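What follows is a single structure, written as structure tokens, with notes after it.
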Amino acid sequence: MQKILQITDIHLQADPTEKLQGAVIEQRWLCVLAHIQAHHLDADLLMLTGDLVHHSGPVAYQRLTRHLDELGLPAVWIPGNHDNVEEMSLYGSVALNRDTVDLGGWRVVLLDSTAAPDGRGSGSLSSSEIQRLRNELDRQEDKHLLLVLHHNPLALGSVWQDAIALQNADQLWPLLKNNTHVRGIIFGHVHQQWTLNHKGVALFSSPAVAPQYKARCSDVTLEDDPALTGPAYRVYHLQPDGNIMAETVRPVDSVAP
């Protein structure tokens, strides 16, 4: 059994004292890191699933990679709509910028969904990413596949978030039809916990490090349930039989929203 962690939507600021939506992001980020340090250093992989910084430039990526080095877990990252892909390539290690990771009987396929942005937050899988995924699916190796991307690949019933979801999901889902190797999809972007099943594929998302959004709303609405406002991350156990167990972790000593 493989154990992986998902941290998503950190939105690190260039100035660690600066607030975003009323929260000091640095405090929330360090809270999550401290909890992982105390409880999950046995993880096989840490995945950061986009919106790692908030248009914050090299200084934020450099601080982020320093924190990851100090944590010491094997890690990978993918971009979100607030990230700069070129800066991630420049300031991240070769290991961080991997696009596949093999873990026992599983292969994690990391996808960049930031192509064709509309300026509002949506994104797409580029033609080259679609082809890369097609190649992975055609391998027919005896491995379970876990796909990881930033944008949600299906509507979640929140009008404003569904408008900025993966714009070419209609190209993704036909590729997965009748492919028994794809056992799950993990995404970020929505700042909410989801556990779903669509067309026979399990889907999961984690709450954010940054402030959370309330689900199923017409407009941008910050989460106001005290039990859900703090920073969070998710732990996944990849079973040998292809099943995925998921747990959301909300650090007990989480900072105020």
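By the count of other C-beta atoms within 10 Å, a proxy for reagent exposure, Tyr91, Tyr236 are ordered fewest to most as Tyr91, Tyr236. If the segment from Ala95 to Asp42 were pulled out straight at 0.36 nm per residue, it would be longer than the present Cα-Cα gap by 17.3 nm.
Amide H contacts for Leu222 (H built 1.01 Å from N in the peptide plane; partners 5 or more residues away or on another chain; cut-off under 5 Å): Lys214. Rounded to the nearest 10 degrees, the angle from helix 25-39 to the longest Cα principal axis of the chain is 60 degrees. A cut-off under 14 angstrom between Cβ atoms defines the neighbours of Ser89, and their net charge, with Lys, Arg +1 and Asp, Glu -1, is -4. Would you mind checking the tilt of helix 58-71 against the longest principal axis of the Cα atoms of the chain, expressed as 0 to 90 degrees and rounded to 10? Taking the Cα atoms of the chain, the angle to 58-71 is about 80 degrees.
Taking other Cβ atoms within 10 Å as a rough exposure proxy, His35, His55 sort from fewest to most as His55, His35. Sorting Val53, Val249 from the fewest to the most surrounding beta carbons within 10 angstrom yields Val249, Val53.
Given their separation in residues at 0.36 nm each and the Cα-Cα distance between them, Lys177 and Thr221 gain 12.4 nm when the chain is fully extended.
Annotated for region 2-249: lysine pairs at least 8 residues apart or interchain, Cα distance under 30 Å, count 9. With a/c under 1.5 counting as rounded, go ahead and sort the chain into rounded, prolate or oblate using the C-alpha gyration tensor (a ≥ b ≥ c being the square roots of the eigenvalues; past the cut-off, prolate if a/b is larger than b/c, else oblate). Here the chain falls in the rounded category. Normalising the average separation of contacting C-alpha pairs (under 8 angstrom, six or more residues apart) by the number of residues puts the relative contact order of region 2-249 at 21 percent.
Computed from the coordinates by the stated procedures, all read-outs in this text should not be read as laboratory data. As the structure is a prediction and not an experimental result, all values here were calculated from the model. Counting neighbours? That spans all protein chains shown, and the Cβs are built from the backbone with ideal geometry, glycine included.
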